[in-house]
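Notes to accompany the following structure.
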Amino acid sequence: MIWCVEDDENIRFLELYTLQQTGYEAKGFGSGSEMWDQMKKEKPDLVILDVMLPGEDGVEILQRLRNFPDTRSIPVIMATAKGTEYDKVQSLDLGADDYLVKPFGMMEMVSRVKAVLRRVQAQGVKHLLQIKGLIINLDEHTVTADDQKVVLTYKEYELLKLFLSNPGIAFTREQLFDEVWGTEYVGESRTVDMHIRTLRQKIGAYGGMIQTIRGVGYRLEVHP
């Protein structure tokens, strides 16, 4: 499934028509808010994302896609009318997989879609949880912060994995016990507090994202 996020209705129609005629399923959205609403229900295989959009622009959408674990691996092709080297480099630096410069031909678009999908399939799926420079590799059972390896205990690792999998969600100490230590574990709240404290220290600058919610527990707070 290919998503086309483009506010120009005529261009969006051409993109969808061409993709569908070449064998792809495709959906179109006129704004980022429409796309995010649909993202709650399903995930696309690739997004063709216009830079100039009403409200949240394409660059902001790309940053949000790359900041959250459940969307960071979705391939994105940026479409820009500017075509300057800076815009191309900025898009690629922010995590775009390719770019199209308007006006572009529909068959060029299809060619780039095919190339990006081939490249992604060849790379295989990497099982990562990532927020900004903080990354858990679930296959290797490793943690890095800004490319620096972080050595965690098993419980610290499980706590961090839970937080990265659920950004913005507040957990009570009892919930953390159930999820990390197991439902049969009997302990005191300071056990969780101690592990949170050492986890914060070990992940350095990212430790501040794990916030204490007074009277409740803890939450991983992510800001753009």
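The values are calculated or read from the model by the stated rules, or taken from the named source; none is laboratory data. Small disclaimer: the values here were computed from a predicted structure and weren't measured. Note that each Cβ is placed from the backbone with ideal geometry, even for glycine, and that neighbours are counted across all protein chains shown. In case anyone asks, the SASA skips ligands and DNA or RNA and just uses the protein heavy atoms, side chains included. Shrake-Rupley method; radii C 1.70, N 1.55, O 1.52, S 1.80 Å.
Determine, yes or no, whether Ser73 is touching a Leu at 6+ places or on another chain (Cβ under 8 Å) and at pLDDT below 75.
Criteria not met by Ser73.
With respect to Val186, determine if the residue is at pLDDT below 90 and aliphatic (A, V, I, L, M).
yes
Any residue that is modelled with pLDDT under 90 and surrounded by 17 or more Cβ atoms within 10 Å (Cβ to Cβ) - is there at least one of those in the range 105-115?
No, the range 105-115 contains no residue that is modelled with pLDDT under 90 and surrounded by 17 or more Cβ atoms within 10 Å (Cβ to Cβ).
Check Gln130 against each of (1) crowded, with 17+ Cβ neighbours inside 10 Å; (2) at pLDDT 90 or above; (3) closer than 22 Å to Ile210 by Cβ and name the one condition it does not meet.
For Gln130, the exception is condition (2).
Identify the residue in the range 12-22 that is free of Cβ contacts under 8 Å to residues at least 60 places away in the same chain and open to solvent by less than 90 Å² (accessible area, probe 1.4 Å) and, among all such residues, is farthest from Phe104 (Cα to Cα).
Among those residues, the one meeting the criterion is Leu16.
Could you please find all residues in the range 189-220 being under 17 Å from Pro167 (Cβ atoms) and modelled with pLDDT under 90? Step through it out loud before you land on a result.
So the first thing to find is which residues in the range 189-220 are under 17 Å from Pro167 (Cβ atoms), and the list is 196, 199-200, 203, 205-213, 216-220.
Result: Val216, single match.
Taking helices (runs of 4 or more DSSP H) that fall entirely within the range 141-224, which contain at least 3 residues that are buried (at least 18 other Cβ atoms within 10 Å of the Cβ) and touching a helix residue (DSSP H, G or I) at 6+ places or on another chain (Cβ under 8 Å)?
154-165, 189-202
For Arg119, work out the one condition from (1) at pLDDT below 90; (2) surrounded by 13 or more Cβ atoms within 10 Å (Cβ to Cβ); (3) of a type in the set (Lys, Arg) it doesn't fulfil.
Exception for Arg119: condition (2).
What pairs come out if I take residues in the range 162-177 that are on the phi < 0 side of the Ramachandran plot and pair them with residues that are of a type in the set (S, T, N, Q) and surrounded by 18 or more Cβ atoms within 10 Å (Cβ to Cβ) whose C-beta lies under 9 Å away, six or more apart or interchain?
Filtered contacts from the range 162-177: Leu164/Gln130.
Which of the numbered conditions does Leu92 fail, given that it passes all the others? Conditions: (1) touching a residue at least 24 places away in the same chain (Cβ under 8 Å); (2) open to solvent by 70 Å² or more (accessible area, probe 1.4 Å).
Against the list (1) touching a residue at least 24 places away in the same chain (Cβ under 8 Å); (2) open to solvent by 70 Å² or more (accessible area, probe 1.4 Å), Leu92 comes up short only on (1).
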